[in-house]
Each structure stands twice: as structure tokens, then as C-alpha cells.
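Notes to accompany the following structure.
The values are calculated or read from the model by the stated rules, or taken from the named source; none is laboratory data. Being a predicted model, the structure only gives us computed values, none of them experimental. Cβ placement follows ideal geometry from the backbone for every residue including glycine, while neighbour counts extend to all protein chains displayed. The accessibility values were calculated without ligands, DNA or RNA, using every heavy atom of the protein model including side chains. Shrake-Rupley method; radii C 1.70, N 1.55, O 1.52, S 1.80 Å.
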Amino acid sequence: MDHHCICKLRKIYKALSVLEGQMMQTFGLNLNETMLLCVLSRYENPTANEISEQMSLSHSNASKVIASLEQKGLIRRKICKEDKRSMRFNLTKEGKAQLEKINCKDIVLPECLQQLM
């Protein structure tokens, strides 16, 4: 990997940081929290393992995001009927309402990320 590639990656990383700041200011959620709401809107009652796979996060990081959204009252956990050791997650009414408020038109995507979209 040459230094130009590393510089481009740094630019993308910085752009994601700016994007996340905008999301926090506009919606009160960070990028991972927003992505988890999206995952839960598309997959019915996923387990924590399924969430971490869908979001490409470690189990530890997925757990932190799950805990944060639970604390905000946007998601809830239920014991899995098939396996009492497992938990399944879904959106609360508040979580669905929050997800409906999220409109990407309210966010200015940095130019280097626009090229990726």
C-alpha cells in the first residue's frame, strides 16, 4: 500500500467522522446507532450475533451499540423462544418514530463519500 492510498483512507475516515458529527447533531444518534435501527427495520427479531454480522462489528462493539439504544428506549430485547440463552431485538414505537425522522437529505455527505455512494 503506497502513501497515497493511506492518505485517501485518512480522508475517508475524517469524512466519516464529520458525517457522524452531523448525525449526532441532527438526530442525536451516532452512525452505528443509526445503522442498528436500520438493521432492526429490515430483519425481524435478530439475535446479537446476527446484528454484529449485519453491521460488521465485533460482538463487544455490537453489545455497546445495543445497550446504548436500549438505554435511549429505541430498541428492546426479548428472550428467544427457541433458546432461552439467546436474546432477540426489535424496535420500540419510539425507535420506529426515530427511524422515520432520519432523512439523509438533512445530511450533507462529504464529497469523498459522495463518490463512493
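Miscellaneous remarks
- On inspection, residue 57 passes the criterion of being in a loop (DSSP other than H, G, I, E, B), crowded, with 16+ Cβ neighbours inside 10 Å and out of contact with any Pro (no Cβ under 6 Å at 6 or more places or on another chain).
- Of the residues making up the range 20-39, those that are within 10 Å of the chain's Cα centre (by Cα) and assigned to a helix (DSSP H, G or I) number 9.
- Within the range 88-105, the set of residues being open to solvent by less than 50 Å² (accessible area, probe 1.4 Å), free of Cβ contacts under 8 Å to residues at least 60 places away in the same chain, not aliphatic (A, V, I, L, M) and not in a loop (DSSP other than H, G, I, E, B) comprises 89, 90, 95.
- Only one of the listed residues (108, 39) is open to solvent by 50 Å² or more (accessible area, probe 1.4 Å) and under 25 Å from residue 18 (Cα atoms). That residue is 108.
- When the residues of the range 1-15 are filtered to those that are assigned to a helix (DSSP H, G or I) and among the hydrophobic types (A, V, I, L, M, F, W, C), the one that is surrounded by the most Cβ atoms within 10 Å (Cβ to Cβ) is 15.
- Residue in the range 67-87 that is open to solvent by less than 50 Å² (accessible area, probe 1.4 Å), touching a residue at least 24 places away in the same chain (Cβ under 8 Å), β-branched (Val, Ile, Thr) and within 23 Å of residue 14 (Cα to Cα) present: no
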